[in-house]
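Heads up, the thing below is written out as structure tokens.
What follows is calculated from the coordinates using simple rules that are stated; it is not laboratory data. What you see is a predicted model, and the numbers here were worked out from it, not measured in a lab. Virtual Cβ from ideal backbone geometry, glycine too; neighbours counted across all protein chains shown.
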Amino acid sequence: MGWLDNWSANRELSKARKEMMKARSPWSISGFVDKAIELGKIPEALEEVEAANKEFPSSECLQQAYRSLIKRQCEEDIRGHRESLRSSPSGVVYYELARLYKQSGDYDQAIDLARKGTR
């Protein structure tokens with residue numbers, strides 16, 4: 001991402017933040033988080049959703065936004081561990097991959113990998 005792309009993404013994120021602040025609600029915060037994820041601004045999205053979860057602790061749309069954010073955050077690590085698994089499978093790699101899937105909310109895949117790792 002070049003400086004022009006980064007500048008443009010920051011501008012879009014700033015615009016989305018202003019829209020969110022006009023009518024701060026779980027729905028508007030969730031929209032901001034989705035936009036931040038789309039722009040690749042994961043730390044900003046994480047900061048906002050964590051603060052919002054304290055403000056609106058029982059909001060389903062914020063919980064869904066948080067799960068999407070965690071899943072996106074884990075994707076790159078999952079890809080790397082999948083490559084390691086293909087080249088040199090080991091119990092440690094299975095464990096790490098299962099842990100990442102659990103963290104991202106894909107429990108079925110996590111259980112499957114944990115079972116394969118213990119064989």
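Check CYS74, CYS61 and return the single one that is assigned to a helix (DSSP H, G or I), free of Cβ contacts under 8 Å to residues at least 60 places away in the same chain and within 30 Å of LEU4 (Cβ to Cβ).
Checking each option against the conditions leaves just CYS74.
Could you go through segment 95-113 and let me know if any residue there is surrounded by 17 or more Cβ atoms within 10 Å (Cβ to Cβ), of a type outside the set (Phe, Trp, Tyr), over 18 Å from the mean Cα position of the chain (by Cα) and in a helix (DSSP H, G or I).
yes
From (1) free of Cβ contacts under 8 Å to residues at least 12 places away in the same chain; (2) surrounded by 15 or more Cβ atoms within 10 Å (Cβ to Cβ), pick out the condition that doesn't hold for GLU44.
(1)
Identify, please: which residue in segment 91-108 is small (Gly, Ala, Ser) and in contact with an Asp or Glu (Cβ under 9 Å, 6 or more places away or on another chain) and is, among those, farthest from HIS81 (Cα to Cα)?
Only one residue tops the list, namely SER104.
I'm trying to understand the selection: among the residues of segment 47-85, which are among the hydrophobic types (A, V, I, L, M, F, W, C) and under 8 Å from the mean Cα position of the chain (by Cα)?
Result: LEU69, ILE70, CYS74.
Would you check which residues across segment 1-10 are closer than 17 Å to GLU48 by Cβ and out of contact with any Lys or Arg (no Cβ under 7 Å at 6 or more places or on another chain) and list them?
Within segment 1-10, just ASN10 meets the criteria.
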